[in-house]
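The values are calculated or read from the model by the stated rules, or taken from the named source; none is laboratory data. For clarity, every value in this text was computed on a predicted model and none was experimentally measured. Quick reminder, even Gly has a Cβ in these numbers, built from the backbone with ideal geometry, and neighbours come from all protein chains shown. Remember, those area values only see protein heavy atoms, side chains included, never the ligands or the DNA or RNA. Shrake-Rupley method; radii C 1.70, N 1.55, O 1.52, S 1.80 Å.
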Amino acid sequence: MSAAPTAIEKAPIERYIAPTKPSLIGMSRAQLAEALGSLGVPEAQRKMRVQQLWHWIYFRGFTSFEAMSSISKNLRAALAERFTLTRPEIVAEQVSVDGTRKWLMRLPGEAPNRPHDVECVYIPDTERGTLCVSSQVGCTLNCSFCHTGTQRLVRNLTAGEIVGQVMAARDRLGDWPGGVRPVDGVVPAGERCVTNIVMMGMGEPLYNFEAVRDALLIVADGDGIGISKRRITLSTSGVVPNIARAGAEIGCMLAVSLHAVRDELRNELVPLNRKYPIADLLAACRSYPGASNAKRITFEYVMLKGVNDSIADAKALVRLLKGIPAKINLIPFNPWPGSKYECSDWEQIEKFSQVVFDAGYASPVRTPRGRDILAACGQLKSATEKLSARERMTLRAMAMTE
Ligand code: SAH
Ligand code: SF4
């Protein structure tokens, strides 16, 4: 691994020109076949042409049609006239002292000159590189400990914008065959920089079900990006009716943001609990298709000082999860300006974790990554609503001194 870089910040580009042609990124095979049909490709050829395109787009990561040598010149020109391979534009990058990278990715907005921004975070480790992907601009759910939930602007991302985050990240990391890795960063030892995907960025993925499903199926496709479904985790705050659908139609790993063991408290932390209380949520987890000891459901539990971190809570947690193939992920609370909570003391987190461990669960405490660049869980809030410089400084100071 190369030496860890210090945090750098690049100024966002202020002028934005939205693309005028549709991008093929995010189209399923069937949609690609239709696009080819619209260019006059005969039906009998479409399947083969789709396979070729798929390879160039998703396996090789090409950003233009010109060099797609297996496709005829005429078809390449016709494609270029009508379509692009545009992905979200990286307009700002911050690199943490621990190698975590946070990108601000720009997407078309409602008005041509008012784009939307989402954040995407890359967390490199020795053996793996995890990309934390956003599903919405903002979030309609107002979990009281989450910064994203305070962002007003909300729209669902399209499948193309979700796959596009993965592609833009791989572009930036030189993570396509023959690519050149950035010299200023930490990347895992293996062949690939992005080995795992977590739908844990901005937004509630199960409130944007179809786009998230279509995007993840593309990401998992073995002829293209090829990240196995076991390395893709979707995190939900508990949209119960869509949990079974996620199992059946996506088949990825599931993470559930539990955070409390009593409805009264969960109602306050995760207001969606009023609609789908703990018992219903756990029932959906019990019947999650494919859950087994080898394919456990992750329960996320944010450690809030004096709120949900008592030993009694820890005992209740293990009782509650009895019979579910589970992993418990304790997340130290990441503060943000104006948040009313504090992170539990380290000693308390250890005691809590011991109870969970003694009950037979591996209970890794998730080391906060990228706190110095506000890239940690729940700190994401895109510049669509810009923080004041002062707010940002306070936040960074809080993160650095923890
Ligand atoms: N909306 C989805 C996924 C995105 S949030 C969900 O809620 O599951 C990803 C994870 O970060 C969730 O477990 C969420 O509860 C947690 N999180 C949110 N704000 C946090 C904060 N300030 N500190 C630590 N974890 C936080
Ligand atoms: Fe939305 Fe998840 Fe944040 Fe809750 S924790 S506000 S569901 S992003």
Would you check if there is a residue in the range 196-206 being under 12 Å from the mean Cα position of the chain (by Cα), in a loop (DSSP other than H, G, I, E, B), of a type in the set (Gly, Ala, Ser) and buried (at least 20 other Cβ atoms within 10 Å of the Cβ)?
yes
His259 fails exactly one of the following numbered conditions: (1) within 15 Å of ligand 1 (Cβ to nearest atom); (2) over 23 Å from the mean Cα position of the chain (by Cα). What is the number of that condition?
(2)
Go through the range 147-169 and give me each residue that's more than 16 Å from ligand 2 (Cβ to nearest atom) and under 17 Å from Leu104 (Cβ atoms).
Glu161, Gly164, Val166, Met167, Ala168, Ala169
Please verify whether Thr150 is in contact (Cβ under 8 Å) with a residue 12 or more places away in the chain, over 29 Å from Lys340 (Cβ atoms) and surrounded by fewer than 23 Cβ atoms within 10 Å (Cβ to Cβ), treating the condition exactly as stated.
no
Restricting attention to the range 62-114, the residues that are farther than 17 Å from Glu161 by Cβ, among the small types (Gly, Ala, Ser), open to solvent by less than 70 Å² (accessible area, probe 1.4 Å) and in a loop (DSSP other than H, G, I, E, B) number exactly 7
Checked Val239, Val219, Val180, Val186 against criteria (free of Cβ contacts under 8 Å to residues at least 12 places away in the same chain, of a type in the set (A, V, I, L, M) and either open to solvent by less than 20 Å² (accessible area, probe 1.4 Å) or more than 16 Å from ligand 2 (Cβ to nearest atom) (or both)); the one match is Val180
Considering every residue within the range 338-349, establish whether at least one is within 15 Å of Val261 (Cα to Cα), touching a residue at least 12 places away in the same chain (Cβ under 8 Å) and open to solvent by 50 Å² or more (accessible area, probe 1.4 Å).
no
Search the range 297-329 for residues being part of a strand (DSSP E or B) and in contact with a helix residue (DSSP H, G or I) (Cβ under 6 Å, 6 or more places away or on another chain), and hand back the single one that is nearest to Leu269 (Cα to Cα).
Met303
